[in-house]
Amino acid sequence: MYLYLLSTYWYKDYSKSFLAINIGFKVFLQFLLYLIILKILIPYFLNKKRKVLFILLILVATYLMQTFYSVVRVYFFEVQFPYIYERMPPYILWDRMTSFMVFIRNITWLTFPSIILISVKYYRDQKDIVALKEQKKTTELNLLKHQLNPHFLFNTLNNLYALALKKSDKTPSVIAKLSEILDYILYQCKDNYVPLSKEIELLENYITLEKIRYGNRVEVRFEKKIIADVKIAPLLLLTFVENAFKHGISQELAKGTIHLEINATKNEIVFVSKNTKPKAHLEKMNVEKSAIGIQNIKKQLELLYPNTHDLMIHNDELTYEVVLKLNLDEKI
């Protein structure tokens with residue numbers, strides 16, 4: 001600002017030393033007003049919702065800067081550089097200090113740099129806030145995935161352990177399916193969104209493992225109607241399928257059923273999971289662990305599908321049903 005104003009007036013018929021000092025003093029007042037607004041008025045008044053007082057204090061600070069300049073002009077500049085002002089109208093200090101029109105006219109040159117600098121700072125702060133929010137969102141998602149993956153792995157290894165104890169011929173097949181699942185979880189689903197076909201493949205591998213474990217005790221129907229292979233947040237549906245087996249089949253002495261359905265269009269994904277519950281269903285059966293998985297899913301939905309998802313859970317005496325609807329954003 002100083003160099004700009006100095007270059008603007010440099011070739012006019014003024015003393016160069018007067019220009020350097022006078023413009024330097026004006027820029028000093030502008031910068032002083034900026035610091036007052038930024039360091040005092042914004043944090044102590046605007047940020048605390050005291051907007052009327054904030055505006056009044058800006059006007060007071062601007063008036064004080066103008067008065068300060070008027071006093072310095074009368075007692076310094078007119079004394080040191082009298083030839084500059086000899087052809088100008090008389091400069092009456094009291095009239096300048098009490099004139100409303102003079103105050104209005106001088107507001108612009110005093111506050112304009114403050115407006116520009118504060119606007120630039122606000123823009124940079126907003127960029128930092130957006131970056132921090134994205135970083136926080138990514139961190140939270142990673143934490144949620146880390147909470148989910150060990151839980152899934154623990155259940156699957158239990159399945160494998162049970163088959164190994166029986167020396168079952170199905171053990172190699174289980175290891176192969178587990179290898180495919182781990183490969184997907186560790187290396188293929190690092191992005192926030194993955195193709196729905198990959199998630200369906202994951203679910204089918206998991207269902208195969210569980211059917212090997214439970215045998216004739218479970219009947220699984222998995223219906224898929226995929227019009228468009230859209231993208232979905234990874235591992236989002238797995239928790240619901242896990243819960244269907246864990247709380248619908250593991251305690252069942254007779255035969256339980258699980259019905260899964262996925263419908264996908266360009267604009268929407270609808271997932272339905274419905275399972276029967278054992279007649280001798282125990283209310284105390286590890287409800288807390290089940291709640292952790294559901295809470296993780298709800299947090300992921302809030303982060304990845306804010307205001308674009310609908311999760312409905314129907315928990316009856318003999319059935320448990322989950323209906324998840326995802327409205328897909330164009331960028332997904």
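Within the stretch 310-332, residues that are farther than 17 Å from GLN295 by Cα and among the β-branched types (Val, Ile, Thr) have Cβ atoms under 9 Å from residues that are at pLDDT 90 or above and in a loop (DSSP other than H, G, I, E, B) in these pairs: ILE332/VAL230, counting only partners at least 6 apart in sequence or on another chain. Against the conditions (1) closer than 29 Å to LEU3 by Cα; (2) among the polar types (S, T, N, Q); (3) at pLDDT below 90, where does THR62 fall short? Just the number, please. Every listed condition holds for THR62 apart from (3). Here the stretch 208-227 is the region considered, the condition is being free of Cβ contacts under 8 Å to residues at least 40 places away in the same chain and among the acidic types (Asp, Glu), and the residue that is surrounded by the most Cβ atoms within 10 Å (Cβ to Cβ) is GLU219. Taken over the stretch 236-254, the criterion of being out of contact with any helix residue (DSSP H, G or I) (no Cβ under 8 Å at 6 or more places or on another chain), of a type in the set (A, V, I, L, M, F, W, C) and surrounded by fewer than 21 Cβ atoms within 10 Å (Cβ to Cβ) is satisfied by LEU253 alone.
Would you tally the residues in the stretch 75-98 being modelled with pLDDT of 90 or more, surrounded by 15 or more Cβ atoms within 10 Å (Cβ to Cβ) and not acidic (Asp, Glu)? Summing the residues that are modelled with pLDDT of 90 or more, surrounded by 15 or more Cβ atoms within 10 Å (Cβ to Cβ) and not acidic (Asp, Glu) in the stretch 75-98 gives 2.
Checking each residue in the stretch 99-115 for being assigned to a helix (DSSP H, G or I) and either open to solvent by 80 Å² or more (accessible area, probe 1.4 Å) or among the polar types (S, T, N, Q) (or both) picks out PHE100, MET101, ARG105, ASN106, THR108, THR111, PHE112, SER114, ILE115. Go through the residues of the stretch 228-235 one by one and say whether even a single one is open to solvent by 60 Å² or more (accessible area, probe 1.4 Å), touching a Phe, Trp or Tyr at 6+ places or on another chain (Cβ under 6 Å), modelled with pLDDT of 90 or more and not in a helix (DSSP H, G or I). Within the stretch 228-235 (the criterion being open to solvent by 60 Å² or more (accessible area, probe 1.4 Å), touching a Phe, Trp or Tyr at 6+ places or on another chain (Cβ under 6 Å), modelled with pLDDT of 90 or more and not in a helix (DSSP H, G or I)), the answer is yes, since at least one residue qualifies. Which one is surrounded by the fewest Cβ atoms within 10 Å (Cβ to Cβ), of the residues in the stretch 164-182 that are basic (Lys, Arg) and in a helix (DSSP H, G or I)? This residue is LYS166. Exactly one residue among ASN205, ASN155, ASN159 is surrounded by 15 or more Cβ atoms within 10 Å (Cβ to Cβ), more than 29 Å from the chain's Cα centre (by Cα), at pLDDT 80 or above and not hydrophobic (A, V, I, L, M, F, W, C), and that residue is ASN205. Scan the stretch 255-268 and tell me whether some residue there is of a type in the set (A, V, I, L, M), open to solvent by less than 30 Å² (accessible area, probe 1.4 Å) and more than 30 Å from SER168 (Cα to Cα). Yes, because at least one residue in the stretch 255-268 is of a type in the set (A, V, I, L, M), open to solvent by less than 30 Å² (accessible area, probe 1.4 Å) and more than 30 Å from SER168 (Cα to Cα).
The values are calculated or read from the model by the stated rules, or taken from the named source; none is laboratory data. Here the structure is a predicted model, which is why all the values come from computation and not from measurement. Neighbour counts are summed over all protein chains in view; Cβ atoms, including those assigned to glycine, are modelled from backbone coordinates with ideal geometry. Quick note on the areas: whole protein, heavy atoms, side chains included, nothing else; ligands and nucleic acids left out. Shrake-Rupley method; radii C 1.70, N 1.55, O 1.52, S 1.80 Å.
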